[in-house]
1. Sum up the charges of everything whose Cβ sits under 12 Å from the Cβ of Val191, counting Lys and Arg as +1 and Asp and Glu as -1, but leave Val191 out.
2. With +1 on each Lys and Arg Cβ and -1 on each Asp and Glu Cβ, and nothing else charged, work out how big the dipole of the chain is about its Cα centre, in Debye to the nearest 20.
3. Roughly what would the spin-label model give for Thr147 and Val122, points 7 Å off Cα along C-beta, in nm?
4. At 0.36 nm per residue, minus the direct Cα-Cα distance, what do Arg79 and Ala7 gain on full extension? Give it in nm, one decimal, please.
5. Could you check which residue among Leu105, Leu196, Leu114 shows the biggest mean-square fluctuation in a GNM of the chain with a 10 Å Cα cutoff?
6. Counting only helical runs of four or more DSSP H residues, what would the 222 nm mean residue ellipticity of the chain come to if each run contributes -39,500 (n - 2.57) and the total is spread over all its residues?
7. May I ask you to compute the full-extension gain from Ser183 to Ser26, defined as 0.36 nm times their residue separation minus their alpha-carbon distance, rounded to one decimal in nm?
8. Scanning the chain for helices, which whole DSSP H stretches are 20 Å or more long along the axis (Cα) and average -1.0 or more by Kyte-Doolittle?
Amino acid sequence: MPYRQTALTRQNARDKRDGMLRAARSLVAAEGFKGATVAAIAARCQASVGSVYSYFDSRDRLLAEVFRSAASHEIDLARTAVAGTGQQAAERLGELIRIFSGRALHRRRMAWALLFEPVSPVVEEERLVYRGSYTDIGEQIIRDGLTSGNFVPQDPRLAASAVMGAISEALVGWIRPDSREPSPDEQAGVVDAIRLFCFRALGAHDLAGGAAR
């Protein structure tokens, strides 16, 4: 009699696969993608290396899924934060900078993995989607700001790409694995400095009502 999966065996398989993804994501958060080896994932799940490969075609595909999951979580948080800040484009931009920079400084190892850690081409494809999603959010904010006159005339897509690039590059020295952890005051200062730079670049008015010069 041929083997037939039951609802219970299918659920058990999904649970094992999800457990492996959780283990991989935990390893990435602690050690980066380089630390999420198949052997380490299997050990955390008390499973064999072969069993990991029975659920994933390759380590690259597994890590790409981990990247997609972690990135989607960050993007969802950014979209929610921006949507809840009111109608002013400057306020929404400020919130986007705060959530992106603040979370990167607070979760430095994961931020480094998502933004800068060398990865395989398969995972890099997910990184491009991740960066593009932030640019999409920024572009809509800038378009709204151009319509309302909050920002000086410019190409909204190019400006959004430049803003997100500037934010990421400004964080490099603070989130790299060999750097010291910044204090809460330093974190706040970094976020404020990035925010001011981006507002000046866009010719925006700051949240206190003054013009950025």
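None of the figures in this text is laboratory data; all of them are computed from the coordinates on show. All values derive from a computational prediction rather than experimental measurement. A quick note on method: Cβ atoms are made from the backbone with ideal geometry, for glycine too, and the neighbour counts reach across all protein chains shown.
1. Numbers: positive: Arg98, Arg103, Arg195; negative: Glu95, Asp185, Glu186, Asp192.
Taking every other residue near Val191 into account, the sum is -1.
2. Values: 28 positive and 25 negative charges, 141 e Å.
Its charge dipole is roughly 680 debye.
3. 4.2 nm
4. 22.3 nm
5. Leu196
6. About -25000 deg cm²/dmol.
7. 54.1 nm
8. Values: long enough: 7-31 (36 Å, -0.70); 59-83 (36 Å, 0.02); 89-106 (25 Å, 0.18); 121-148 (40 Å, -0.45); 156-175 (28 Å, 1.15); 184-202 (27 Å, 0.47).
Sorted by number, the helices that extend far enough and score high enough are 7-31, 59-83, 89-106, 121-148, 156-175, 184-202.
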